[in-house]
1. For segment 174-187, how many residues are under 13 Å from the mean Cα position of the chain (by Cα) and open to solvent by 20 Å² or more (accessible area, probe 1.4 Å)?
2. If you check Leu119 against the conditions, is it touching a residue at least 12 places away in the same chain (Cβ under 8 Å), in contact with an Asp or Glu (Cβ under 6 Å, 6 or more places away or on another chain) and open to solvent by 30 Å² or more (accessible area, probe 1.4 Å)?
3. Looking at (1) within 21 Å of the chain's Cα centre (by Cα); (2) part of a loop (DSSP other than H, G, I, E, B); (3) among the polar types (S, T, N, Q), find the lone condition where Gln125 falls short.
4. Return the only residue of Arg140, Arg131 being closer than 17 Å to Ala69 by Cα, open to solvent by 20 Å² or more (accessible area, probe 1.4 Å) and not polar (S, T, N, Q).
5. Might you let me know whether segment 146-159 holds any residue that is open to solvent by 80 Å² or more (accessible area, probe 1.4 Å), among the acidic types (Asp, Glu), assigned to a helix (DSSP H, G or I) and modelled with pLDDT of 90 or more?
6. Test Phe56 against the stated conditions and say whether it is aromatic (Phe, Trp, Tyr), without any contact (Cβ under 8 Å) to a residue 60 or more places away in the chain and out of contact with any Phe, Trp or Tyr (no Cβ under 9 Å at 6 or more places or on another chain).
7. Can you report the number of residues in segment 128-141 which are assigned to a loop (DSSP other than H, G, I, E, B) and either under 22 Å from Gly57 (Cα atoms) or touching a residue at least 60 places away in the same chain (Cβ under 8 Å) (or both)?
8. Is segment 170-179 home to any residue that is assigned to a helix (DSSP H, G or I), under 30 Å from Gln135 (Cβ atoms), without any contact (Cβ under 8 Å) to a residue 24 or more places away in the chain and out of contact with any strand residue (DSSP E or B) (no Cβ under 6 Å at 6 or more places or on another chain)?
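The values are calculated or read from the model by the stated rules, or taken from the named source; none is laboratory data. These numbers were taken from a predicted model, which means no experiment stands behind them. We place every Cβ from the backbone using ideal geometry, glycine too, and count neighbours over all the protein chains shown. For the accessible areas, the whole protein counts, side chains as well, though only heavy atoms, and no ligand, DNA or RNA atoms are used. Shrake-Rupley method; radii C 1.70, N 1.55, O 1.52, S 1.80 Å.
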Amino acid sequence: MARQTRQRILDASLAMFNAQGEPNVTTNHIADELEISPGNLYYHFRNKDDIIEHLFGRYEERIDAALGAPTDRLPGLEDIWLLLHLVFECIWDYRFLYRDLADILSRNRRLRIRFARILRRADEQAHEVMRGLSQAGVMRASAAELDAAATNVLVIATFWMNYASARGDKNEQVSIRAGIVQVMMLLAPFLRDAERVHLNTLTRAYID
């Protein structure tokens, strides 16, 4: 029963943080939503930052799994598309972290260290994928261009939600789809002609 209540608190907190923004949700709001007493909530979690840390643990597992890429062969364009889908789906499900990233990380040194680790792994993966696409002949680019493209992919994926919010986008799910397309289009100048046509076909089907 205690584990079930703990799970309900985390699920409700995630939904409320995503819908209303983490700064606008208090532990009292969460307790009211679940129709439990604040004391019951504090029995399971010390404070709101404790809830956020546990949600971050869930996010961490999910993003680590999403960052996987083929290890037994060189990657192709479809692999990058799938990887971005998984990453952006994770960003969507934990969008409050990205929307309020600077504020959350400024309050919690442990999360700052853990998020930095995620960025390092994502950076390594992005560079490895770019090199793989080049080796497979999918992309034609110099080493410096590959490095720059990998970094740009990571920057846009990480801060796309902040950009969309600042721009005034109302539909975050549409913004996520636009983010995937934006990242993929970073690769377009380096693709072979056939792969560029394939990318354009994928993009049109995705945004129509």
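1. Matching residues across segment 174-187 total 1.
2. No, not satisfied.
3. Condition (2) is where Gln125 drops out.
4. Every option except Arg131 fails the conditions.
5. Looking for residues that are open to solvent by 80 Å² or more (accessible area, probe 1.4 Å), among the acidic types (Asp, Glu), assigned to a helix (DSSP H, G or I) and modelled with pLDDT of 90 or more, one finds none in segment 146-159, hence no.
6. So Phe56 does not fit the description; no.
7. Within segment 128-141, residues that are assigned to a loop (DSSP other than H, G, I, E, B) and either under 22 Å from Gly57 (Cα atoms) or touching a residue at least 60 places away in the same chain (Cβ under 8 Å) (or both) number 2.
8. no
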